[in-house]
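Since every read-out is calculated from the coordinates, none of them should be taken as a lab result. These numbers were taken from a predicted model, which means no experiment stands behind them. Positions of Cβ are generated from backbone atoms using ideal geometry, with glycine treated the same way; all protein chains shown enter the neighbour counts.
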Amino acid sequence: MAETTVDVFVIGGGAIGAAVARDAVGRGLSVVLAEAGDFGGGASGHAPGLLHGNPVNLARWQCRSVGEARREAAGFLVTAPHLARLQRLLLPVRQGVGRPPMRLQAGLWLYDRVSRGCGLPRHGMLDETALAETTCLAREGLDSVLTYYDVVADGRRLVLETLLDARDRGARIANYTRVTALKPLAEGFEVAYSDADGTQDRVKARYVVNATGARVNNVLRLVRGGAAGRQMDVWRGAYILLPMPDPPREEAVVLQAADGRFVFAVPWYGRHIAVGTTAGRHTGGEPTTAPTEAEKDRLLAACNRFLVPAAEKAHILDAGVGLRGAPATRGRTPPEPGMPVLASQRQGHGGLVSVYGGSLTTNRLAAARILGVLGEWGCRMGPSWTAAVPLHGGAAAMDDLLELAEAQSPVSRLTRYRWVETYGAKVYDMDAALNGRPGLAREVIPGVPEVELVHAVEEEEVTCAEDFLDRRTRLGMVIAEEHRTTIANWFTKRARAEKRRMKKG
Ligand SMILES: Cc1cc2nc3c(=O)[nH]c(=O)nc-3n(C[C@H](O)[C@H](O)[C@H](O)COP(=O)(O)OP(=O)(O)OC[C@H]3O[C@@H](n4cnc5c(N)ncnc54)[C@H](O)[C@@H]3O)c2cc1C
């Protein structure tokens, strides 16, 4: 394989790597992307899924980038209408707690101003009647409740659908494939990688994009002869999942924690509330997958400052930690996710671009900027094209999809609604498969017909039960343990059958 030369080799299948692969292949470049774990399993899959300009950045006078990011967030409503949802956020203001009300109001005014024309509704304030109907907020000392709008989407699916679109346009994408060495050549690099079975291979690439998030400097150490990295900080982000209160809450709530940080409590698949924030600097090696007790306490305390009923540790259904890298700063305050800083190294007419920081919201813009560097190095490619082009399942209007969910089918309506919100326009393909093989309507576990598992393997690069239950869907959070085993057995059986077929063939 080393004799093959590709234009661009992308290391890392998170939000940034996915967007680079998609943009590059659409501009006519040959692209390979390798992801060490499963797609979107890094920081991109550990965010509460808020796509926003992030008003906090206005305090740092980053007005232009806040406006750009909010416009990008609104763009997902067009390119992934099945995944992205307009989200109203409530910002409760209490006298003497957190920032002064006037400052918050001025901030939201500016937020609307810098993102003029983005199409999202303007900020406002709950009136007496609306306030009386809002049962989730603690009343004591409540001064007012400001409102504004952003967008939410499941980060893991956004990453996946970006990658699947890249694949459908001709990019080669591989999960469970780790890059193990980078050897500089006269023009570009030789990239060595190994897949899940331990099989090693190499490919020559004129340009390499190191989009490995918090691991960016680890990958630079793989460059034979050394490559200069930037000083970087790794920040831990922690989240907890709480049960959806009764009555269910549709609004996200922005909470001001005691240390001044903003904590977001976002409704999650209509079933849970995800509460998350950047927890602090990460030191040491690999993180545990769960937040520390102190991190959980801080998140619960932020909830209980503003929300009722009180949340306790015993209520936590799930919790996780994500790591994100960002260029080093002296301060203790974490930089908010935003546009990344790029470090580049020429290698003949080729080169290596390493990405520091970034956000889910602005991954498309980051990709365009990275390809801009390759353009400056003489890489010939087509113009930018991604602005309004739908992602993998995004090519159908939500009204049509909701009609599709109601259509006559051997699959239950509840499942079809879930499908529509997960796979978008690809439900048409699943229906076509069911027409061809009606037996695939058989439910492997309640609510999961076999056709969905076949789609997962054949279309969504799924290799095991965890990929399907915890990343392609979030069914893993709601099914019984015995059902997880049944799904795992289905994948094992399918893999064995595939091996037998390959042997025969
Ligand atoms: C808790 C938290 C909250 C956040 N909140 C928001 C938010 O509200 N809005 C927002 O827009 N952004 C938010 N972010 C930031 C956003 O999620 C990340 O900045 C963004 O997703 C980073 O994407 P990435 O592709 O750079 O990194 P990652 O998603 O981490 O992807 C890097 C990938 O590289 C892979 N990799 C590493 N080494 C190798 C190797 N040797 N070979 C192959 N692959 C390798 C890793 O497995 C990983 O999957 C948040 C992040 C966190 C952690």
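The table below gives the values:
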item	result
Size of electric dipole in segment 47-180: Cβ of Lys, Arg +1 and of Asp, Glu -1, about Cα centre, debye, nearest 20	560
Distance between segment 64-79 and segment 17-48 - C-alpha centres, whole angstrom	19
Volume per residue of the C-alpha convex hull in segment 398-504, rounded to whole Å³	100
Neighbour-count order for TYR111, TYR148, TYR207, fewest beta carbons within 10 angstrom listed first	TYR148, TYR111, TYR207
Cα→Cβ-extended label distance, 7 Å offset, between GLU128 and TYR417, nm	3.6
DSSP-loop trypsin sites (Lys or Arg not before Pro) across segment 82-158, with at most 14 other Cβ within 10 angstrom	ARG116, ARG122, ARG139
Lysine pairs in the chain with Cα atoms under 17 Å, if 8 or more residues apart or on separate chains	4
From the C-alpha gyration tensor of the chain, square roots of 5λ in Å	36, 30, 21
Distance between segment 242-258 and segment 379-415 - C-alpha centres, whole angstrom	29
Two-decimal Rg/Rh across segment 299-424, once Rg and the Kirkwood Rh are taken from alpha-carbon atoms	1.12
Ranked list, fewest to most other Cβ atoms within 10 Å of each Cβ, for ARG202, ARG324, ARG346, ARG71	ARG346, ARG202, ARG71, ARG324
Net dipole in debye of segment 398-504 [+1 Lys, Arg Cβ; -1 Asp, Glu Cβ; about Cα centre; nearest 20]	840
MRE, 222 nm, helices only [DSSP H, n ≥ 4, -39500 (n - 2.57), over the chain, to nearest 500]	-10000 deg cm²/dmol
